[in-house]
Every structure is written in structure tokens, then in C-alpha cells.
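A quick write-up on the structure given underneath.
Just so you know, all these numbers are worked out from the coordinates, no wet-lab data involved. Quantities reported herein were computed from a predicted structural model and do not represent experimental measurements. Here the Cβ is made from the backbone with ideal geometry for all residues, glycine too, and neighbour counts use every protein chain on show.
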Amino acid sequence: MAEHAGEHDPCDDVLHELYHFLHGELTPDIRQRIEEHLDDCPPCYEAFDFEAELRIVIARKCSDQVPEALRQRIADAIEHEAMPPH
């Protein structure tokens, strides 16, 4: 992951694209290039693994259900606002 004088560090590109990689927002060619880099670069793979695990934890913790009473109040308020004035 060290950058040599005058050389571009591919780790910078991979780390910059991790969010997009995890969300499936890259072209197949770019995904393949990143996958190959992750296979060969333990520091980048560690960063990827951390981000992937963090994404899973957040998804689990942020799956609260809205109470039905609140849903109904919101639906009623939207319906009331959509009604033409008398």
C-alpha cells in the first residue's frame, strides 16, 4: 500500500471506490479490477472487510418497524391534506 515516488498507488483508487463497490454501483470491469486488487492486497482487504461488516451491522440495527398506529396517523394526515378545501 506504499506509494513510490512518481508512481500512482492503486490502493488509493480501491479505497476510494469501496462504498460504490459495496453498493453494487460499479461497472463489471471496475468491480473485477477491485476484486483482483483485494485478493492481492491484505491492507485493502481489511478495509473492505471492515466496511462490509459495518454495513451489515447498520442494516440489522436500522430495521425498526414503524408502529401501525403511527402509519395510520400519517396516512390519515396525507389523505386529509389531499382533500380539496370545502
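Just checking, how many residues over region 20-65 are loosely packed, with under 11 Cβ neighbours inside 10 Å and either small (Gly, Ala, Ser) or farther than 21 Å from Asp9 by Cβ (or both)?
So the count comes out to 15.
Can you run down the residue pairs with Cβ atoms below 8 Å, 6 or more apart or on separate chains, where the first is in region 53-71 and outside any helix (DSSP H, G or I) and the partner is surrounded by 10 or more Cβ atoms within 10 Å (Cβ to Cβ)?
Close Cβ pairs satisfying both conditions: none exist.
Consider Leu15 carefully, then state whether it is at negative phi, without any contact (Cβ under 8 Å) to a residue 60 or more places away in the chain and touching a Phe, Trp or Tyr at 6+ places or on another chain (Cβ under 9 Å).
yes
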